[in-house]
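All remarks here apply to the structure that follows.
Bear in mind that the values in this text are calculations on the coordinates, not laboratory data. Note that the structure is predicted; figures quoted are calculated from it, not measured. Cβ placement follows ideal geometry from the backbone for every residue including glycine, while neighbour counts extend to all protein chains displayed.
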Amino acid sequence: MKIAFIGVGNVGFALANNLQKKGHQIVVANNNPASESVKKALDKNPAFTVKKVQEAVDEAEIVFLATPYQANQAALQGNRFNGKTLVDCTNPVGPGISHGLKSEKSGSEVVQELAPDAKVVKAFTIYGFENFIDSSFPGYNVKPAMLIAGNFEEAKTQASVLIEELGFFAKDTGALSQALHLEHLTLLWVKMARMGGHHPNFVWAYLEK
């Protein structure tokens with residue numbers, strides 16, 4: 001599968017790198033191929049190709065958005081997605097690790113507004129990048145849960161295939177409005193790992209009986 005990544009920082013690169021190792025073709029979508037983030041990504045994985053954002057989106061079967069949240073508007077504005085799945089890996093974070101939109105709506109709903117012709121799926125946000133580099137927890141007989149949200153079933157199914165390939169258990173939480181709660185779960189993880197002294201190599205599991 002050809003996958004475009006808008007943003008290849010810690011989160012974007014970890015996901016793109018592992019998907020490339022799984023046999024997928026990764027296209028870094030950036031209108032400035034000389035940017036520092038693109039150079040670093042290519043240094044670490046020269047199998048990536050780089051194209052301008054619209055060209056990369058046009059060619060891709062699925063698109064990942066992994067920019068800092070405050071860069072989303074500039075990254076999305078003016079681009080056409082023509083009904084393609086857009087996996088939103090971003091989180092609006094405010095002062096003191098608060099919700100950047102004051103919990104009034106989810107960042108993913110804003111992404112959907114910025115890219116109205118995309119099918120937005122919230123995913124890969126409830127952990128830090130360390131768990132995207134390596135999702136394995138060999139001491140347990142369950143996979144880490146990857147909670148997702150979105151308004152389009154076919155888009156969630158498409159994203160879930162990649163989620164499972166990367167070693168997670170994909171669990172659909174419902175409509176895109178549920179992304180607000182996933183963003184709060186991210187903030188909990190961040191406060192524990194980045195502020196509370198907890199090591200970052202921990203995840204959530206989904207157990208059912």
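Determine by what factor the alpha-carbon radius of gyration of the chain differs from 2.2 N^0.38 Å, reporting the quotient. Please report the intermediate quantities before stating the final value.
Values: Rg = 16.0 Å, N = 209, 2.2 N^0.38 = 16.8 Å.
Ratio of Cα Rg to 2.2 N^0.38 Å: 0.96.
Treating cross-link reach as a plain straight distance, find the aspartates and glutamates whose alpha-carbon is under 13 Å from the alpha-carbon of residue 21, omitting any fewer than eight places away in the same chain.
Cross-link targets: 134, 165.
Taking the Cα centre of the range 2-195 as origin and charging only Cβ (+1 Lys, Arg; -1 Asp, Glu), how large is the dipole, in debye to the nearest 20? Mind showing how you got there, number by number?
Details: 19 positive and 19 negative charges, 72 e Å.
It works out to roughly 340 debye.
What residues have an amide H closer than 5 Å to that of residue 146, excluding those fewer than 5 places away on the same chain, when H is modeled at 1.01 Å from N in the peptide plane?
169, 170, 171
Give, in nm to one decimal, the length gained when the segment between residue 142 and residue 185 is fully stretched (0.36 nm per residue of separation minus the Cα-Cα distance).
Details: separation 43, 0.36 × 43 = 15.48 nm, distance 1.97 nm.
Stretched out fully, the residue 142 to residue 185 stretch lengthens by 13.5 nm.
Put a dot 7 Å past each Cα toward the Cβ at residue 39 and residue 153; how far apart are the dots in nm?
Placing both labels 7 Å along Cα→Cβ, they lie 4.9 nm apart.
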